[in-house]
1. Quick one: Karplus J couplings for region 27-40, per residue in order, coefficients 6.51, -1.76, 1.60, θ = phi - 60°, nearest Hz, x for Gly and Pro?
2. Which one, Ile106, Pro76, Ala28, projects farthest toward the positive side of the charge dipole computed for region 22-124 from Cβ point charges (K/R +1, D/E -1)?
3. So if I place +1 on the C-beta of Lys and Arg and -1 on the C-beta of Asp and Glu, and nothing else carries charge, what would the dipole magnitude of region 60-169 be about its Cα centre? I want it in debye, nearest 20.
4. Could you list Met59, Met130, Met118 in order of exposure, starting from the residue whose Cβ has the fewest other Cβ atoms within 10 Å?
5. May I ask you to work out the translational diffusion coefficient for region 22-124 at 37 °C, viscosity 0.692 mPa s, via Stokes-Einstein with Rh from the Kirkwood sum over Cα pairs, reported in whole µm²/s?
6. With θ taken as phi - 60° and the coefficients 6.51, -1.76 and 1.60, list the Karplus ³J(HN,Hα) couplings across region 144-150 in order, rounded to whole Hz; mark glycine and proline as x.
7. Please report, in debye to the nearest 20, how large the charge dipole of region 22-124 is about its Cα centre when each Lys and Arg carries +1 at its beta carbon and each Asp and Glu carries -1 there.
8. Could you check the spin-label model distance between Arg140 and Gln47? Points 7 Å from the Cα along Cα→Cβ, value in nm.
Amino acid sequence: MPQYPPAPGEMPAPRTPATFLREHAAYATTAVSAGTLLTLARIWNEQGAEHSTGAAALMLAFGGASGFFAIRLDDPTAQTVFASGALTFGALSVATYSDPIAPALIIWAVALIASCVMIGRSHREDQRVMRAHLNNIEARNLERSADLAIAKVSAKAAVDVAREQSALAAALEEARIHRAALDENGDIDPMAMLRASGQLPPLHVVKNTDDERRTA
C-alpha cells in the first residue's frame with residue numbers, strides 16, 4: 001500500500017524499527033552480500049587462488065558482465081543492482097589475487113559506498129515516480145468527482161423538466177376531458193352564462209325619430 005505524504009500541518013506517522021529496516025533493506029542487503037563475497041574471495045585466496053590471474057580474470061569477467069547489463073538496462077533499480085555487482089566483483093578480483101587484504105578492503109569500501117550512493121539515487125527516483133503517480137491518480141479522482149457532480153446536476157435538471165412537462169400534459173388532458181364533458185351536455189352559450197351571472201348589463205330598446213331601433 002503506498003504511503004501518502006502528510007498533509008500541510010499534519011504530523012508525520014511515527015517511524016517504527018520495522019519501517020526503518022524495510023526502507024533501508026537495500027543498503028543492508030548490499031553490505032551483507034558484498035561482505036560475504038569478500039570473505040569467500042579471501043578464503044579462495046588462502047586455498048590457492050593467490051596471484052592467480054585466472055581467478056582474477058574470472059571476477060573481472062563477472063564484473064564486466066554486470067557493468068554491461070547496468071549500461072543496457074533502462075530500469076533504474078536494475079541498473080543500480082548490476083552496477084553494484086560490477087563494483088563488488090572488481091573488489092573480489094583484487095581480494096582473490098593479492099596477498100595483503102588492505103587493497104581489497106579499500107576497493108570493497110569504495111564499491112560499497114558507490115553502491116549505497118546509487119541505491120539512494122534509485123530510491124529518490126522511485127519516490128519521485130511514485131509521487132507523480134499518486135498525484136496523477138488524485139487529479140483523475142478529482143476530475144471524476146467533478147464529472148459525477150455535473151452529471152448529477154444535469155440529471156436532476158432533466159428530472160425537474162420531465163416533471164414539469166408531465167404536470168403540464170396532465171393539466172392539458174384534464175382540460176380536454178372537461179371540455180369533452182361540456183360538449184356532451186350541449187352547446188355553450190357564453191351570453192346566457194354572462195346574463196345568468198349578472199355580469200352582462202340589460203339591453204334597452206329605444207326608438208329614434210326615423211322609427212329605427214337601436215340598442216344602448
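1. 5, 5, 5, 5, 5, 5, 5, 5, x, 5, 5, 5, 4, 5
2. Pro76
3. Working: 10 positive and 10 negative charges, 47 e Å.
For region 60-169, the charge dipole is close to 220 debye.
4. Details: Met59 24, Met130 13, Met118 20.
The order, fewest Cβ neighbours first, is Met130, Met118, Met59.
5. Numbers: Rh = 13.7 Å.
Answer from the Stokes-Einstein relation: 240 µm²/s.
6. 5, 5, 5, 4, 5, 5, 5
7. Working: 5 positive and 6 negative charges, 57 e Å.
In total the dipole reaches around 280 debye.
8. Modelled inter-label distance: 5.3 nm.
Here, each number is a calculation from the coordinates, and none is a lab measurement. Remember, predicted model here, so these are calculated numbers, not experimental data. Glycine also receives a Cβ, built like all others from the backbone with ideal geometry; neighbour counts cover every protein chain displayed.
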